[in-house]
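For reference, the structure discussed in these notes is given below.
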Amino acid sequence: MMSALNLALSACGLALAAALAPSLVHRPDMQRTTLSLLLALTGLLAILAGMAGLLYGGGDIVLPLGLPWLPMHLRLDALASFFYLVIGALLLPVAIYSQGYLRGESHLTPLAIFLPLFVLGMLGILASDDAFTFMLFWELMSISSFFLVTFKHQHAENRKAGFIYILMAHMAGLLILGSFAVLYAASGSFEFSAMRQAEISPFWASVAFLLAGFGFGTKAGVVPLHGWLPEAHPVAPSNVSALMSGIMLKVAIFGFIRVVWDLMGPGDFQWWWGTLVLAAGSGSAVSGVLLALQQHDLKRLLAYHSIENIGIILIGLGLGMLLAHFGHPMLAALGLIAALYHTINHALFKGLLFMGAGAILHSTGSRDMESMGGLIHRMPWTAVFFLVACLSISALPPFNGFVSEWLTFQTALLAPQLGGALLTAIVPFSAAMLALAGALAAACFVKVFGVVFLGHARSEAAAHAHEVDNWMKLGMAIPAVLCLALGLLPVLFIPLMDAVPQSLLQVSLAGSVHAHGWLWLTPVTAAHSSYSAPIALAGMLVLGGLAFWLTHPKGTSIRRNVLWSCGNPHIHARMQYNATSFSQPLRRIFAPIYRPEVHAHSEHSRHKVLANQVLYVVHVADLGVKYIYQPIGRFTLFTAKLLQHEHQRGIHAYLAYTFITILFLLAVYI
């Protein structure tokens, strides 16, 4: 049997082979088939590597690559194995989905090259065991994903999104490099094994934490560093959007855990670290869902929900950091497990949502929810899979989103008094923000499913939509089944993840989780809390059946009649609620946060009371983009314009600059 590390290396090798395949295969249909097949096998190997690493342990290897004095160190531990499992669980169905989604695409070569390189970069990051290798694969992931975002570069919105994305990706890379520089100064080595053993002062540990937090937080889309995310995800191809939202953001979470929880370790945690992460998570969870509620672009709405779910993951991590600092390792492990469980849950249901959005875009040619409606009659399978994802992301039992958010709530509720008014208040405050985000997410996806799939078609494209092919349906069916399985049987999956807190916190939750068998989930002890998804599902089925029996007694028929519409005999699509009108009550409630821009214009004919046409436009700007990203972008372009004439200088000017730089360095270091 191959070891976990060998399986991981084989997955990387297949991804590299997929990137090289377009140089040998030139026909678009063959490129599509080769890409889908090799990426599906890569995903399968990643799943096997993750499972083997969690069950039997990983391993390490040194490859004679990289710099002459720094070969490439690779290692597969429990943390990397778990994230290999996350990548494989989504990559496999997305690869299958791509076989149908990319049909008819005539210029596949750039996508066929950069999509496998993107996957290779993410897999390499997880296996890296030194800072140089980590940053090498990190840049590979960032640059290849830039080319995926700008795949349709003929469109201005793609070029704009690509510019913002690459700008913030490199800013994040510089911050992460700074955190590694601090750890290198303390350890004298780029190897992670030396950094783990290094003694670092509280001040420099805090500097490394802040650099890593802002760097990985930018890549993960944490508020207010999120501005690139709702620009890049909507314009990328939908299979790419599924991987970027479902996996790439989690790789940033992996990087944060690797640096803060592993290389520095819980012994270096300070109380305000967890408080800052908890505050960032709470703010991201609520801000993300509030902004999502006001979107009518389906993929942009899903992108904002990625911000919300990254916030939920950070709430679990922040609670774990606080509890670890104050000497509660079991509860800290519960917070970590909650964050990791939501990590794989979000990968599955958000990947499924983006694949569903891609199916709708593939069928109707539009991302605008205002032009949809009635798609459940024309795309019934897509509607079922999309509904599963909506229920999962809304944290409703018996689906997987409920389990991870319930575990996060249990961590907050079981947390003891941590000392000090701020710490006493922030834990219940974060729990309240999590509850608010969950309620708003449910409202948002009632809007999404109702506007997109129910009612009447609002456009000709929606009226003539068609179901997608079997490849795309199979790609969506796999994560839909996994969402239900992880919701019904968390007791079987959480012990598999238990190797992660064992390695980072030296504690185990496996014994308490399934102390009462597969039926009951007891995160700490049954005396405090317990949950049984199978019993909850059985209860819901019984209540649903009873309600149906009471409302449909035997021998009676359902009366159908014309819908009353204020005396108007003609029912048409414009009489329906749309996405904008559905969100209006919440827009008014949260107006101080939204600061909406409303434009109303009426055209009158003979009398001021009689209007021929009323134009009502509401725009809700993302304040993070308006006040952070746009000024950075303007400053960058202004600086580039100022320095533009320097590029036209001759060789003498460049030599002079080199000489001045050498003199400056000599003055500083001698």
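From the set of residues in segment 1-38 that are part of a helix (DSSP H, G or I), of a type in the set (Gly, Ala, Ser) and more than 27 Å from the chain's Cα centre (by Cα), which is nearest to Leu123 (Cα to Cα)?
Within segment 1-38, the match that is nearest to Leu123 (Cα to Cα) is Ala21.
Please give the number of the condition Lys447 fails out of (1) under 24 Å from the mean Cα position of the chain (by Cα); (2) assigned to a loop (DSSP other than H, G, I, E, B); (3) of a type outside the set (S, T, N, Q).
(2)
Does segment 29-36 contain any residue that is more than 28 Å from Gln502 (Cβ to Cβ), at pLDDT below 95 and among the acidic types (Asp, Glu)?
yes
Is at least one residue of segment 483-497 among the small types (Gly, Ala, Ser), under 31 Å from the mean Cα position of the chain (by Cα), surrounded by fewer than 16 Cβ atoms within 10 Å (Cβ to Cβ) and under 25 Å from Leu348 (Cα atoms)?
Within segment 483-497, one or more residues are among the small types (Gly, Ala, Ser), under 31 Å from the mean Cα position of the chain (by Cα), surrounded by fewer than 16 Cβ atoms within 10 Å (Cβ to Cβ) and under 25 Å from Leu348 (Cα atoms).
Within segment 528-540, can one find any residue that is among the polar types (S, T, N, Q), over 30 Å from Ser363 (Cα atoms) and not in a loop (DSSP other than H, G, I, E, B)?
No: zero hits.
Could you grab me the full set of residues in segment 53-69 that are in contact (Cβ under 8 Å) with a residue 40 or more places away in the chain and within 16 Å of Ala127 (Cβ to Cβ)?
Gly53, Leu54, Gly57, Gly58, Gly59, Asp60, Ile61, Gly66
Let's see how each residue does on (1) surrounded by 23 or more Cβ atoms within 10 Å (Cβ to Cβ); (2) modelled with pLDDT of 95 or more:
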| site | (1), (2) |
| --- | --- |
| Leu45 | yes, yes |
| Tyr56 | no, no |
| Leu70 | no, no |
| Leu90 | yes, yes |
| Ile96 | yes, yes |
| Ala131 | yes, no |
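Which of the residues that make up segment 1-47 are under 21 Å from Leu63 (Cα atoms) and not aliphatic (A, V, I, L, M)?
The answer is Ser3, Asn6, Ser10, Cys12, Gly13, Thr42.
What pairs can you find where one residue is in segment 581-601 and in contact (Cβ under 8 Å) with a residue 24 or more places away in the chain, the other is among the aromatic types (Phe, Trp, Tyr), and their Cβ atoms are less than 9 Å apart, with a gap of 6+ or different chains?
From segment 581-601, the pairs are Leu586/Tyr594; Arg587/Tyr594.
Just to be sure before I move on: is Ala236 over 10 Å from the mean Cα position of the chain (by Cα) and closer than 22 Å to Met476 by Cα in the structure I sent?
yes
Exactly one condition in (1) under 18 Å from Ala232 (Cβ atoms); (2) part of a helix (DSSP H, G or I) is not met by Gln295; state its number.
(2)
Of the residues in segment 650-667, how many are of a type outside the set (A, V, I, L, M) and within 46 Å of the chain's Cα centre (by Cα)?
Total satisfying the criteria: 5.
If you check every pair at least six apart or on different chains, which have Cβ atoms under 9 Å apart with a residue in segment 293-309 that is under 16 Å from Trp228 (Cβ atoms) and modelled with pLDDT under 95 first and a residue that is of a type in the set (Asp, Glu) and part of a loop (DSSP other than H, G, I, E, B) second?
Note: pairs meeting the criteria are Tyr304/Asp622.
Taking segment 309-346 on its own, how many of its residues are over 21 Å from the mean Cα position of the chain (by Cα), among the small types (Gly, Ala, Ser) and in a helix (DSSP H, G or I)?
3
Here is a check on your reading of the model: is Thr150 of a type in the set (Ser, Thr, Tyr) and touching a Lys or Arg at 6+ places or on another chain (Cβ under 8 Å)?
Yes; evaluated as a whole, the condition is true for this residue.
Quick one: Gly274 ticks every box in (1) farther than 26 Å from Phe118 by Cβ; (2) under 18 Å from the mean Cα position of the chain (by Cα); (3) crowded, with 24+ Cβ neighbours inside 10 Å bar one, so which box is it?
The number of the failed condition is (2).
Check off (1) in contact with a Ser or Thr (Cβ under 6 Å, 6 or more places away or on another chain); (2) surrounded by fewer than 20 Cβ atoms within 10 Å (Cβ to Cβ); (3) within 19 Å of Lys250 (Cβ to Cβ) for Asn158 and give me the number that stays unchecked.
Asn158 satisfies all of (1) in contact with a Ser or Thr (Cβ under 6 Å, 6 or more places away or on another chain); (2) surrounded by fewer than 20 Cβ atoms within 10 Å (Cβ to Cβ); (3) within 19 Å of Lys250 (Cβ to Cβ) except (3).
Taking segment 188-218 on its own, how many of its residues are among the polar types (S, T, N, Q) and not in a helix (DSSP H, G or I)?
The qualifying residues number 2.
Being without any contact (Cβ under 8 Å) to a residue 40 or more places away in the chain, of a type in the set (Val, Ile, Thr) and over 18 Å from Asn309 (Cα atoms): is that true of Val207 here?
Here the answer is yes, as Val207 does meet what is asked.
Name the single residue, out of those in segment 187-196 being out of contact with any strand residue (DSSP E or B) (no Cβ under 8 Å at 6 or more places or on another chain) and crowded, with 18+ Cβ neighbours inside 10 Å, that is farthest from Gly215 (Cα to Cα).
Ser187
The values are calculated or read from the model by the stated rules, or taken from the named source; none is laboratory data. This structure is a prediction, so every number in the text was calculated from the model and none was measured. Quick reminder, even Gly has a Cβ in these numbers, built from the backbone with ideal geometry, and neighbours come from all protein chains shown.
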